[in-house]
Amino acid sequence: MARYAYVNGRYVEHRQASVHIEDRGYQLADGVYEVVGVHDGRLIDETPHVDRLDRSLRELRIAWPVSRAALGFIMRELMRRNRLRDGLIYMQVTRGVARRDHAFPTVDVKPALVLTTKNTKRAGVDPGPGIAIKSQRDIRWERCDIKTVALLPNVLAKQAARESGAYEAWLIDADGYVTEGASTNAWIVTQDGELVTRPVDNGILAGVTRHTLKALCAALQLKFAERPFSLTEAKRAREAFITSATSFVTPVVKIDGEPVADGKVGPTARRLREEYVRFAATGASVT
Ligand code: PDD
């Protein structure tokens, strides 16, 4: 079965899909993206993802390439063509193709829109054995709230984690606090059972999964606090986990080679994953 990509108005075979060499995304990382999870044929949290795309575009003064309604249609059409039941939709908007110059093009340039999909195994309620984390200095810029394709520090941190046998990197700011993962948000459960995650500001991406989980915590009446937590606090936590559109809720059982608590998946992360998978199956959005 052919796999399709959407490129600037056309559905093209994935292996032949291409963009211009002077696309500003390619040359200057002048673009933004979104990843929307798909669970059992349903988009997870479509509205907040498209809202965040809108915000990223506005922050960088890139125009919408198509209407919001058209984007919704394109996502569904690509899912249909690729028979996507479980996995993700990747969408990217760059400022477009122009003669190379750091400043924005002065001529009218159309923003470029690309969508691809990826099939994965259906995410289940079983969180698996949990993952290992490696801490890394956060060397990113001061606008981590914008979901740009400029991901080199994230790439390097993730690679360092993988080379050390860990699955994800946790990025540590100058004061010793965990900002977030290379491509996920970071959470802990303290010894007295409080769920903690860093507040959203310019230092992290306001994760859609993070936001949904916050709402689930409130519904379940779990103790929850938004505050920075240090790497030391994380290492002494009762539990830790990560969230993202693709990892859902994934328990962390090791940080820098040391087990978190007894090194086994804890009940809070297990329960929240179950709740999140149940939520994903509804196709609803938390607003
Ligand atoms: N990553 N922080 C960063 C730096 C991220 O790149 C992501 C998402 C998140 C979690 O956000 P959300 O819950 O909205 O997925 C946090 C996506 C999945 C990616 O880059 O593939």
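A few remarks follow.
- Accessible-area composition of segment 4-119, carbon plus sulfur, in percent [1.4 Å probe]: 48 percent
- The chain - Rg (one decimal) and Dmax (whole number), Cα, Å: 19.3, 60
- Per residue, the chain exposes an accessible area of 49 Å² to a 1.4 Å probe, with every protein chain left in place.
- Estimated dipole of segment 76-202 in Debye, rounded to 20 [Cβ of Lys and Arg +1, of Asp and Glu -1, Cα centre]: 1060 debye
- Counted residue by residue at 0.36 nm each, then reduced by the alpha carbon distance between them, the extension gain from Val286 to Asp40 reaches 86.7 nm.
- Normalised by 2.2 N^0.38 Å, where N is the number of residues, the alpha-carbon radius of gyration of segment 4-119 equals 1.06.
- Long-range lysine pairs (8 or more apart or interchain), the chain, Cα under 23 Å: 21
- Only helices enter the 222 nm calculation for the chain: every DSSP H run of n ≥ 4 contributes -39,500 (n - 2.57), and dividing by all residues gives -8000 deg cm²/dmol, rounded to 500.
- Selection from Ala103, Val208, Tyr90, by position along the positive dipole direction of the chain (Cβ): Tyr90
- DSSP bridge orientation in segment 131-282 - percent antiparallel, rounded to nearest 5: 60 percent
- 20 Å tail of the calculated P(r), segment 65-192, as % of Cα pairs: 64 percent
- Surface composition of segment 176-245: carbon and sulfur atoms hold 51% of the protein heavy-atom accessible area at a 1.4 Å probe.
- Point-charge dipole on Cβ atoms (K/R +1, D/E -1) for the chain, about Cα centre, debye to 20: 880 debye
- Pairwise FRET efficiency - Ser164 versus Ala215, Cβ, R0 = 30 Å, nearest 0.05: 0.30
- 5 Å-binned pair-distance histogram of segment 131-282 (Cα, whole percent): 2, 10, 21, 25, 22, 14, 6, 1, 0
- Whole-Å distance, taken between Cα centres, linking segment 255-280 and segment 162-193: 14 Å
- What you get for segment 136-287, charging only the Cβ of Lys and Arg (+1) and of Asp and Glu (-1), is a dipole of about 380 debye around the Cα centre.
- Selected from Pro267, Pro251, Pro65 as most flexible by GNM, with the chain as the system and alpha-carbon contacts under 10 Å: Pro267
- Loop-located trypsin sites (Lys or Arg not before Pro) in segment 38-83 (DSSP state not H, G, I, E or B) with no more than 14 neighbouring Cβ atoms inside 10 Å: Arg61, Arg83.
The values are calculated or read from the model by the stated rules, or taken from the named source; none is laboratory data. Just so it is clear, the model here is predicted, and its values are computed rather than measured. Ideal geometry is used to build each Cβ from the backbone, glycine not excepted, and the neighbour counts take in all protein chains shown. Side chains included, ligands, DNA and RNA excluded: accessible areas come from the protein's heavy atoms. Shrake-Rupley method; radii C 1.70, N 1.55, O 1.52, S 1.80 Å.
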